[in-house]
1. In region 83-152, what trypsin sites (Lys or Arg not before Pro) fall in a loop by DSSP, with at most 12 other Cβ atoms inside 10 Å?
2. How large is the charge dipole for region 1-151, taken about the Cα centre, if only the Cβ atoms of Lys, Arg (+1) and Asp, Glu (-1) carry charge, to the nearest 20 debye?
3. Could you tell me the largest-minus-smallest coordinate of the C-alpha atoms of region 260-348 on each of the three principal axes, in descending order and whole angstroms?
4. So how strong a dipole does the chain carry about its Cα centre when Lys and Arg Cβ are +1 and Asp and Glu Cβ are -1, to the nearest 20 debye?
5. Enumerate the amide H contacts of residue 113 below 5 Å, restricted to partners 5 or more residues apart or on another chain; note that Pro and chain-start residues carry no placed amide H.
6. Looking at region 192-270, which GluC sites (Glu not before Pro) are DSSP coil and have at most 16 other C-beta atoms within 10 Å of their C-beta?
7. What nm distance separates the two modelled labels at residue 299 and residue 242, each placed 7 Å from Cα along Cα→Cβ?
8. Project the alpha carbons of region 202-263 onto their principal axes and report the range along each, largest first, in whole Å.
Amino acid sequence: MLTRLSIPSHEEVYRVEDAGAGLRGFIALHSTRRGPAAGGLRMRAYRSDEAALEDVLNLSRGMSYKNAAAGLPLGGGKAVIIGDPARDKTPDLLRAMGCAIDALEGRYWTAEDMGMSPADMAEIARATRYVAGRDQGAHASGDPSPVTAQGVFAAMRAGAARISGSDDLRGRHVAVQGLGHVGWHLARLLHEAGARLSVADMDGARAKVTAAEFGAEVVAPEAIHAVAADILAPCAIGGVLNAQTIPEIRAAMICGAANNQLAAPGDAEALHARGILYLPDYVANGGGIINVSAEILEIADRAAWVDARLDAIGATMARILERAAGEDASPAVIADRMVEAALVDKAG
């Protein structure tokens, strides 16, 4: 079922296969320097095995950075299943993935991500104890999406304070790209804060319902990045900030929940050159793993523990933005330096 691959950038990478259960996927452990690798399980209809492998490698590396930025005693890992979650997901497939995770003997903990739910985590938990994001149990953390949105909201306020001197988002125009679990919750928080919203989603009906609920304007998915807004919030797939979209962006700041928003490392510099303040995604969207880690670490007073670390997201982002302004550098570059220093210190 597990075939180890040799990937120099990662500690361990496995191809996962179970023909009887219809399972094909990958598990990647980027780093266990700070603790067991932790990161969600994603299910998507990838165009190829190569595309799935590339995604799990990028996402697992991002989890090492995200967990370090949040100060968690966890390393970075990720898992992906190749298939349409609406059509191909079965209990047998989920349990087979659970068996593969269990074979790693705690070096990797999984949790909910795109295409997965707390109910799916409960099914996986029938085959392994190394799963979080469940909605039942002594330390159950449930759906991490609302907590992820709270962290992004806190980071966005820190960015607003850097640009205008006030973290008040009332009257700010925010373009939200993607209205899945996290994007919808972020839109709700922004609406409650008095922001003006433009929204887009590949599901047109979802966009219309959200717009009606929050008094938002619906924008075509292919055009949302170019809306003349104060803030662009990418909350869908990665790679949306690239050589094609960056010249068209008219927002002063970018802060969203999507992972790996930059298509290439040079895109951070391209945004900086245009005077667009980019808030590093793995810092902004750390709320979900904070929520999940309370379950992994079996924190007794989880609500207070999570709230304290959510508040710290805004403070961490503020420090990154202050250093970036002082050095006239992209916040992405400064965040990477800070995290890499933390990883090196832990390794030593």
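1. Within region 83-152, the qualifying trypsin sites (Lys or Arg not before Pro) (loop, at most 12 other Cβ atoms within 10 Å) are 87, 126, 129.
2. Using only the charged Cβ atoms, the result is roughly 340 debye.
3. Here the spans come out as 46, 30, 26 Å, largest first.
4. It works out to roughly 200 debye.
5. Placed amide hydrogens put 41 under 5 Å from residue 113.
6. 222
7. Inter-label distance under the simple model: 3.6 nm.
8. 32, 21, 18 Å, listed from the longest principal axis down.
Only the coordinates and a few stated rules stand behind these numbers; no lab work does. Computed from a predicted structure; not experimentally measured. Counting neighbours? That spans all protein chains shown, and the Cβs are built from the backbone with ideal geometry, glycine included.
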